[in-house]
Amino acid sequence: MATLTYMPTDHVPVLLAELVALTDPRPGELAVDCTFGGGGHARAVAARLGPTGTLICIDRDPSAAERYREAEPELACQSRFVRGEFSAVLADLADEGVRPDVIYMDLGVSSMQIDAMERGFSYSYDAPLDMRMDPEQRLSAREVVNEWPQDRIAAILREYGEERHARAIAREIVARRPLETTAELVEAIRDAVPPAYRFGRGHPAKRTFQAIRIAVNEELRALQDALPRAWEMLAPGGRLAAISFHSLEDRTVKRFFADKARGCTCPPELPVCVCGREPEAELVTRRAVAPTPEELERNPRASSAHLRVARKLETNVEGA
């Protein structure tokens, strides 16, 4: 694999103390880290699991596999790494009969991926259009930008980026084809939006880059597939956690947890329950947990992070 060029930044795991406190990993338990990344959360969870516990680490990025090999001697528990997209790996683990006590997901792109300039995730560096979390997959940002129809590009900018100028940006992208680099894409975006938007709060390309990255890596589909798989395989009393950085991700997690925590769904005019539905989950976090001002001062990239945690109730679970 080619050597990647990184900007010199330290990996800072987001909401680390809150994740560990709310998922409460205990000695001897089994935990699954769905997005190993730089291993910051894994190290803290492993310390709580101890030598009798086990941590299964997942990531689709081959560079994460390298970081796991470097971190493995430091992990204070038994561990293994599985490379792959986490929703698919969870399905494989379930087939193996794995029943974790803790499953957690740190969603979105990692700092290491952003800072590896050749990966093309950042609008701050000029690089080939790529944005693949797994460099071996076929679809990249180059194909999205140069081959997708204008209407489809506009649709993902609206849905995944919540970009108000989606139609104008998509039109400009198509007019400038072929685009080969992130700088060319940024220039197209700047020329497509009103002057006030170019110099307003935040970079004018931020939402477009986010939307294209989500589309390239099918991030929302992966999350939607992973949540029910994780919940089904979770042991009774187990805790499921997700850290999201995007409103669509957070809403997906919120709705999933709320549905699992919901009891009777009968109309209020019925005098007694006839549906028989009982809650499957306790919401450990009634509201999303956000970073503290102190964390934001140390790590501004954490500004959009939200953590939600739910516990699987031991009653009403088959085999409990």
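The values are calculated or read from the model by the stated rules, or taken from the named source; none is laboratory data. Here the structure is a predicted model, which means the values were calculated and not measured. Note that each Cβ is placed from the backbone with ideal geometry, even for glycine, and that neighbours are counted across all protein chains shown.
Only one entry of Leu55, Leu19 meets the criterion of being part of a helix (DSSP H, G or I) and among the aliphatic types (A, V, I, L, M), and that entry is Leu19.
For the criterion of being out of contact with any Pro (no Cβ under 7 Å at 6 or more places or on another chain), among the basic types (Lys, Arg), in a loop (DSSP other than H, G, I, E, B) and on the phi < 0 side of the Ramachandran plot, Arg251 fails. Cβ separations smaller than 9 Å between residues 6+ apart or across chains give the following pairs from segment 276-300 residues that are closer than 18 Å to Ala17 by Cα to residues that are at pLDDT below 95 and among the β-branched types (Val, Ile, Thr): Glu295/Val12; Arg298/Val12; Asn299/Val12.
Residues of segment 84-107 being in contact with a strand residue (DSSP E or B) (Cβ under 8 Å, 6 or more places away or on another chain), surrounded by fewer than 23 Cβ atoms within 10 Å (Cβ to Cβ) and either within 16 Å of Ala226 (Cβ to Cβ) or hydrophobic (A, V, I, L, M, F, W, C) (or both), which ones? Matches in segment 84-107: Gly84, Val89, Asp92, Leu93, Val98. Evaluate the following for Pro73: is it surrounded by fewer than 21 Cβ atoms within 10 Å (Cβ to Cβ) and either among the aliphatic types (A, V, I, L, M) or in the same structural domain as Phe36 (by TED's automatic domain parsing) (or both)? Here the answer is yes, as Pro73 does meet what is asked.
Which residues, taken from segment 71-95, are farther than 18 Å from Asp59 by Cβ and part of a loop (DSSP other than H, G, I, E, B)? Scanning segment 71-95 gives a single hit, Ala76. Here segment 195-211 is the region considered, the condition is being within 22 Å of Ile243 (Cβ to Cβ) and hydrophobic (A, V, I, L, M, F, W, C), and the residue that is surrounded by the fewest Cβ atoms within 10 Å (Cβ to Cβ) is Phe209. Listed conditions (1) closer than 21 Å to Thr252 by Cβ; (2) aliphatic (A, V, I, L, M); (3) assigned to a helix (DSSP H, G or I) are all met by Ala46, apart from (1). Could you tell me whether segment 108-116 includes any residue that is farther than 30 Å from Ala46 by Cβ, surrounded by fewer than 22 Cβ atoms within 10 Å (Cβ to Cβ) and hydrophobic (A, V, I, L, M, F, W, C)? No, there is no match, as no residue in segment 108-116 is farther than 30 Å from Ala46 by Cβ, surrounded by fewer than 22 Cβ atoms within 10 Å (Cβ to Cβ) and hydrophobic (A, V, I, L, M, F, W, C). For segment 30-66, a residue qualifies if it is among the charged types (D, E, K, R) and surrounded by fewer than 24 Cβ atoms within 10 Å (Cβ to Cβ), and the qualifying residues are Arg43, Arg48, Arg60, Asp61, Glu66. Only one of the listed residues (Glu162, Glu147) is under 17 Å from Ile214 (Cα atoms) and touching a residue at least 60 places away in the same chain (Cβ under 8 Å). That residue is Glu162.
Here's the yes/no breakdown for (1) hydrophobic (A, V, I, L, M, F, W, C); (2) under 18 Å from Lys254 (Cβ atoms):
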site	(1), (2)
Gly276	no, no
Pro279	no, yes
Thr285	no, yes
Pro293	no, no
Glu297	no, no
Arg308	no, yes
Leu313	yes, no
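All of (1) assigned to a loop (DSSP other than H, G, I, E, B); (2) outside the structural domain of Tyr160 (by TED's automatic domain parsing); (3) without any contact (Cβ under 8 Å) to a residue 40 or more places away in the chain hold for Arg201 with one exception: (2). Going by the structure shown, is Ala226 closer than 25 Å to Ser111 by Cβ and either assigned by TED's automatic domain parsing to the domain that holds Ser247 or basic (Lys, Arg) (or both)? Yes; evaluated as a whole, the condition is true for this residue. For the criterion of being modelled with pLDDT of 95 or more, buried (at least 20 other Cβ atoms within 10 Å of the Cβ), aliphatic (A, V, I, L, M) and in the same structural domain as Val82 (by TED's automatic domain parsing), Leu22 fails.
Residues in segment 231-256 that are over 17 Å from Glu314 (Cβ atoms) and either surrounded by 14 or more Cβ atoms within 10 Å (Cβ to Cβ) or not basic (Lys, Arg) (or both): 14 in all.
What do you reckon, is Arg207 in contact with a helix residue (DSSP H, G or I) (Cβ under 6 Å, 6 or more places away or on another chain), under 16 Å from Val102 (Cβ atoms) and not hydrophobic (A, V, I, L, M, F, W, C)? It is false that Arg207 is in contact with a helix residue (DSSP H, G or I) (Cβ under 6 Å, 6 or more places away or on another chain), under 16 Å from Val102 (Cβ atoms) and not hydrophobic (A, V, I, L, M, F, W, C).
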